[in-house]
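Trainee: Below is a structure I'd like to ask you about.
Bear in mind these aren't lab numbers, they're just calculated from the coordinates by the rules spelled out. Computed from a prediction, not measured in an experiment: that's the story for all the values here. When we count neighbours, we look across all protein chains shown, and the Cβ atoms used for this are built from the backbone with ideal geometry, even at glycine.
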Amino acid sequence: MDHRLMQQAEKAFLKPKVPEFRIGDSVDVLCRIVEGDKERVQAFSGVVIARKGSGINANFTVRRLVKEEGVERIFPLHSPNVVDIKVRKHGKVRRAKLYYLRHRVGKARRVRELRVTRKLQEPELANSPA
């Protein structure tokens, strides 16, 4: 099948607005949970340790600790069960996958926070005569 034809067919199932997040970010993933005839939204908070795939096949892995036990969950990015993704803080990492966090204990398990500093605006040199 033609690649462009597949992309056109998948376009109807993609979410129109996907929040911007990267590996190492601490996120709250709001998931739709169905129990019988009731439906509720539950948050899964943790660190994004992996992203892979593209288009409709894009997914990401979130890791968190529950009673000192690591819990990982893989979420399809464009799933209707993923209601929202809220970024709590940005992490400063130098790798594409953070699987090494599985073997860390204590404070070594934390990801450093990325602090964004604003650059001072320089006076426009284009307007001054040369």
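Trainee: Please give the number of the condition Glu10 fails out of (1) in contact with a helix residue (DSSP H, G or I) (Cβ under 9 Å, 6 or more places away or on another chain); (2) free of Cβ contacts under 8 Å to residues at least 60 places away in the same chain; (3) in a strand (DSSP E or B).
Mentor: (3)
Trainee: For residues that are loosely packed, with under 11 Cβ neighbours inside 10 Å and charged (D, E, K, R), scanning just the range 1-30, find the one that is farthest from Asp84 (Cα to Cα).
Mentor: Asp2
Trainee: Would you kindly identify the strands (runs of 3 or more DSSP E) lying entirely within the range 21-80 that contain at least 1 residues that are under 23 Å from Ala9 (Cα atoms) and of a type in the set (Phe, Trp, Tyr)?
Mentor: The strands (runs of 3 or more DSSP E) meeting that bar are 59-66, 69-76.
Trainee: Next question, about the same structure. From the list Val34, Val27, Val41, which residue is under 18 Å from Leu65 (Cα atoms) and of a type outside the set (Lys, Arg)?
Mentor: Going through Val34, Val27, Val41 in turn, just one is under 18 Å from Leu65 (Cα atoms) and of a type outside the set (Lys, Arg): Val27.
Trainee: Looking at the range 31-59 only, could you name the residues that are surrounded by 15 or more Cβ atoms within 10 Å (Cβ to Cβ) and not polar (S, T, N, Q)?
Mentor: Hits for the range 31-59 are Cys31, Phe44, Gly46, Val47, Val48, Ile49, Ala50, Arg51, Ile56, Ala58.
Trainee: From the list Arg64, Arg73, which residue is of a type in the set (Lys, Arg), more than 30 Å from Thr117 (Cα to Cα) and touching a strand residue (DSSP E or B) at 6+ places or on another chain (Cβ under 7 Å)?
Mentor: Only one candidate qualifies: Arg73.
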